[in-house]
Amino acid sequence: GRLFAKDFLTYSPSEIKAYYDRNPIPVLVRLLEVGVPVGKWLLNVALDLLMSRKGKELRKQRARELRRVLADAGPTSIKIGQALSNRPDVVPAEYMEELQQLQDNVGAFATEEAMAIIEEESGRSVEELFEFFSPEPVASASLGQVYRARLHRGAAGAAGAAGAAG
């Protein structure tokens with residue numbers, strides 16, 4: 001199944017490779033999850049070129065579609081979009097404008113999902129870990145979100161959950 005931080009307490013490329021050699025299905029599933037929407041977007045762009053469809057509104061539409069595809073694909077794809085949003089030498093203005101929304105307009109995911117991630121990663125329930133856990137995130141970004149939390153031993157702080165789509 002799925003790879004968790006607790007599975008590898010030290011970074012070891014050979015252990016990670018061995019893990020995925022034994023478990024190729026998650027890699028194939030992830031390739032499909034990302035590849036199908038990206039391929040569909042690329043096909044639409046290619047058809048636009050082949051059929052000589054042009055115009056500022058079409059570029060804006062394709063830019064919106066690309067932003068959605070990247071946002072849905074997860075944190076790594078969002079980071080690629082963020083990098084492209086500052087590259088007028090690489091992407092047209094309509095794309096830069098749309099991709100800039102990935103800088104600070106990435107939606108939060110459900111608190112229940114964040115709690116499930118924390119529980120899976122730690123191997124303990126949120127109730128076991130925290131005396132208090134805020135019902136809403138105080139911050140959300142492309143790599144995850146942050147909640148106010150207090151450990152049972154009284155230390156106040158923050159709890160983070162990395163986005164589920166990696």
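May I ask you to verify whether ARG68 is free of Cβ contacts under 8 Å to residues at least 12 places away in the same chain and within 30 Å of HIS152 (Cβ to Cβ)? Against the criterion (free of Cβ contacts under 8 Å to residues at least 12 places away in the same chain and within 30 Å of HIS152 (Cβ to Cβ)), ARG68 does not qualify. For the residues GLU112, GLU136, the requirement of being within 27 Å of ARG68 (Cβ to Cβ), out of contact with any strand residue (DSSP E or B) (no Cβ under 9 Å at 6 or more places or on another chain) and among the charged types (D, E, K, R) singles out GLU112.
Listed conditions (1) at pLDDT below 80; (2) touching a strand residue (DSSP E or B) at 6+ places or on another chain (Cβ under 9 Å); (3) surrounded by fewer than 14 Cβ atoms within 10 Å (Cβ to Cβ); (4) assigned to a loop (DSSP other than H, G, I, E, B) are all met by GLY157, apart from (4).
Counting only helices (runs of 4 or more DSSP H) that sit wholly inside the range 1-110, those with at least 2 residues that are surrounded by 15 or more Cβ atoms within 10 Å (Cβ to Cβ) and modelled with pLDDT of 90 or more are 24-50, 56-73, 75-84, 93-99. Residues that are at pLDDT 85 or above, surrounded by 11 or more Cβ atoms within 10 Å (Cβ to Cβ) and in a helix (DSSP H, G or I) were ranked within the range 120-133; the one that is nearest to the chain's Cα centre (by Cα) is VAL126.
Here is the figure for the range 80-133: residues that are out of contact with any Leu (no Cβ under 8 Å at 6 or more places or on another chain), closer than 27 Å to ALA159 by Cβ and not aromatic (Phe, Trp, Tyr) total 24. Selection of the range 134-152 for residues being in a loop (DSSP other than H, G, I, E, B), modelled with pLDDT of 75 or more and either in contact with an Asp or Glu (Cβ under 7 Å, 6 or more places away or on another chain) or not aliphatic (A, V, I, L, M) (or both) yields SER134, PRO135, GLU136, PRO137, HIS152. The test for being of a type in the set (Gly, Ala, Ser) and touching a Leu at 6+ places or on another chain (Cβ under 7 Å) does not hold for ALA46.
The values are calculated or read from the model by the stated rules, or taken from the named source; none is laboratory data. Because the structure is predicted, anything quoted here is derived from the model rather than measured. Glycine also receives a Cβ, built like all others from the backbone with ideal geometry; neighbour counts cover every protein chain displayed.
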